[in-house]
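A.B. asks: Encoded as structure tokens, here's the structure I'll be asking about.
The values are calculated or read from the model by the stated rules, or taken from the named source; none is laboratory data. In this text the structure is predicted, and so the values were computed from the model without any measurement. For neighbour counting, all protein chains shown are included, and Cβ atoms are generated from backbone atoms with ideal geometry for every residue, glycine included. For accessibility, only protein heavy atoms count, side chains too; no ligands or nucleic acids. Shrake-Rupley method; radii C 1.70, N 1.55, O 1.52, S 1.80 Å.
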Amino acid sequence: MALSALGALISLLLAACLPGFGGDFVYKDIEGYSEVVNAKKLYTGLNSGHFYMQDNSTGEITLEYLFKYRDDDKLAYFCMSSEKDTEVYEYHNGSEINRKNKGDARWQFIAQGSEDYYVYDRKNRHPYTDEGVISMNAYAVTDSKVEETDSGKRITFYYNCEEFKEAMSELGELKSFECSVWLDKNGYCYRLDQKGVFDKVGEESVSDYSMFIDKMNEIEGDIKRPEV
């Protein structure tokens with residue numbers, strides 16, 4: 001199966017939580033590094049939040065995730081992922097999993113005790129509540145810059161494409177890759193942009209996605225299963 005642009009970028013995004021050799025000491029001289037490390041910690045400290053990923057070439061929302069920890073620290077969430085003509089939904093109230101594909105008449109239920117059942121909490125984290133959501137991939141950074149904005153800061157990382165060529169090879173030869181992390185004045189990340197330029201058989205293509213984070217610690221009441 002061919003690797004999609006969204007799939008490749010999400011793989012890189014989630015890989016950002018993996019530590020590199022030497023830890024912070026090796027990367028401390030990267031401009032903006034410490035601010036993004038702090039933003040990662042702030043994100044994992046959220047009690048609730050929401051993010052969505054947008055394909056900037058089409059405006060399509062390709063991924064949406066809404067979450068909140070219950071009083072017992074079990075995670076409740078709703079997730080939607082979309083690619084081409086397929087949409088997949090998953091709702092977890094902390095006790096039961098509900099799944100559905102676009103066009104299905106009914107939800108599929110997975111109860112506690114079932115072989116396929118799983119549950120997340122603050123220790124056993126869902127990947128979309130972990131640090132990797134805020135991408136940096138410090139081991140591959142070749143340059144960076146920090147810009148002041150009206151809302152806080154924009155930190156842009158530029159990458160050594162050789163580090164990502166294998167992971168993204170089905171999209172073509174990666175010619176450039178950059179990521180911008182937008183922080184508010186309290187250090188929270190509210191936006192992340194990832195842009196890759198590829199050459200495939202002499203034709204240039206661009207993979208351009210943005211992720212927006214909002215509703216941080218602002219969700220009141222339980223997360224309900226939506227009508228989809």
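A.B. asks: Being aliphatic (A, V, I, L, M) and closer than 30 Å to Asp73 by Cα is the requirement here; does Leu174 meet it?
C.D. replies: For Leu174, the condition - aliphatic (A, V, I, L, M) and closer than 30 Å to Asp73 by Cα - is not met.
A.B. asks: Let me ask something else about it. Looking at segment 85-94, which of the residues that are closer than 18 Å to Tyr118 by Cβ and open to solvent by 40 Å² or more (accessible area, probe 1.4 Å) is nearest to the chain's Cα centre (by Cα)?
C.D. replies: Initial filter on segment 85-94 (closer than 18 Å to Tyr118 by Cβ): 88-94.
The next check asks that each one be open to solvent by 40 Å² or more (accessible area, probe 1.4 Å); those that pass are 88, 93.
Numbers: Val88: 17, Asn93: 21 Å.
Top of the filtered list is Val88.
A.B. asks: Would you confirm, using the coordinates I've provided, whether Asp143 is out of contact with any Ser or Thr (no Cβ under 7 Å at 6 or more places or on another chain), part of a strand (DSSP E or B), open to solvent by 60 Å² or more (accessible area, probe 1.4 Å) and charged (D, E, K, R)?
C.D. replies: Details: out of contact with any Ser or Thr (no Cβ under 7 Å at 6 or more places or on another chain): yes; part of a strand (DSSP E or B): yes; open to solvent by 60 Å² or more (accessible area, probe 1.4 Å): yes; charged (D, E, K, R): yes.
Judged against the criteria, Asp143 is a match.
A.B. asks: A further question on this structure: Identify, from the list Asp73, Asp121, Asp104, the residue that is over 30 Å from Lys28 (Cα atoms), part of a loop (DSSP other than H, G, I, E, B) and without any contact (Cβ under 8 Å) to a residue 12 or more places away in the chain.
C.D. replies: Exactly one residue qualifies, and that residue is Asp104.
A.B. asks: How many of the residues making up segment 68-84 are more than 17 Å from the chain's Cα centre (by Cα) and under 19 Å from Tyr209 (Cβ atoms)?
C.D. replies: The total comes to 1.
A.B. asks: Check whether at least one residue in segment 181-196 is aromatic (Phe, Trp, Tyr) and part of a strand (DSSP E or B), and report yes or no.
C.D. replies: Scanning segment 181-196, I find at least one residue that is aromatic (Phe, Trp, Tyr) and part of a strand (DSSP E or B), so the answer is yes.
A.B. asks: Here's a follow-up. Name the pairs whose Cβ atoms lie under 8 Å apart, with the first residue in segment 50-67 and under 10 Å from Phe212 (Cβ atoms), the second open to solvent by 40 Å² or more (accessible area, probe 1.4 Å) and outside any strand (DSSP E or B), and 6 or more positions between them or separate chains?
C.D. replies: Once the first residue is under 10 Å from Phe212 (Cβ atoms) and sits in segment 50-67, its partners that are open to solvent by 40 Å² or more (accessible area, probe 1.4 Å) and outside any strand (DSSP E or B) give His50/Lys215; Gln54/Glu60.
A.B. asks: Condition check: of a type in the set (Val, Ile, Thr) and over 17 Å from Asp193 (Cα atoms). Does Ile61 satisfy that? Before you say what the answer is, go through the steps one by one.
C.D. replies: Numbers: of a type in the set (Val, Ile, Thr): yes; over 17 Å from Asp193 (Cα atoms): no.
Answer is no for this residue.
A.B. asks: Identify the single condition in (1) at pLDDT below 95; (2) touching a strand residue (DSSP E or B) at 6+ places or on another chain (Cβ under 7 Å); (3) among the aromatic types (Phe, Trp, Tyr) that Phe78 does not satisfy, given that it satisfies every other one.
C.D. replies: It fails just one condition, (1).
A.B. asks: Search segment 180-228 for residues being aliphatic (A, V, I, L, M) and in contact with a helix residue (DSSP H, G or I) (Cβ under 6 Å, 6 or more places away or on another chain), and hand back the single one that is surrounded by the most Cβ atoms within 10 Å (Cβ to Cβ). Explain how you work it out, then say what you get.
C.D. replies: Restricting attention to segment 180-228, the residues satisfying the condition of being aliphatic (A, V, I, L, M) are 181, 183, 192, 197, 201, 206, 211, 213, 216, 219, 223, 228.
Still in the list and also in contact with a helix residue (DSSP H, G or I) (Cβ under 6 Å, 6 or more places away or on another chain): 181, 183.
Values: Val181: 26, Leu183: 24.
In this case the residue turns out to be Val181.
A.B. asks: Across segment 107-118, what is the number of residues that are open to solvent by 60 Å² or more (accessible area, probe 1.4 Å) and assigned to a loop (DSSP other than H, G, I, E, B)?
C.D. replies: 5
A.B. asks: Something else about it: Residues of segment 137-186 being under 18 Å from the mean Cα position of the chain (by Cα), of a type in the set (Gly, Ala, Ser) and closer than 25 Å to Asp214 by Cβ, which ones?
C.D. replies: Matches in segment 137-186: Ser180 only.
A.B. asks: Another one. Considering each residue of segment 53-76, count those that are hydroxyl-bearing (Ser, Thr, Tyr) and open to solvent by less than 60 Å² (accessible area, probe 1.4 Å), and give that number. Steps first, answer last, please.
C.D. replies: Just the residues of segment 53-76 that are hydroxyl-bearing (Ser, Thr, Tyr), to begin with: 57-58, 62, 65, 69.
Now narrow it down to the ones that are open to solvent by less than 60 Å² (accessible area, probe 1.4 Å): 62, 65, 69.
Residues in segment 53-76 being hydroxyl-bearing (Ser, Thr, Tyr) and open to solvent by less than 60 Å² (accessible area, probe 1.4 Å): 3 in total.
A.B. asks: Evaluate the following for Ser176: is it outside any helix (DSSP H, G or I), hydroxyl-bearing (Ser, Thr, Tyr) and more than 27 Å from Glu87 (Cα to Cα)?
C.D. replies: Yes, satisfied.
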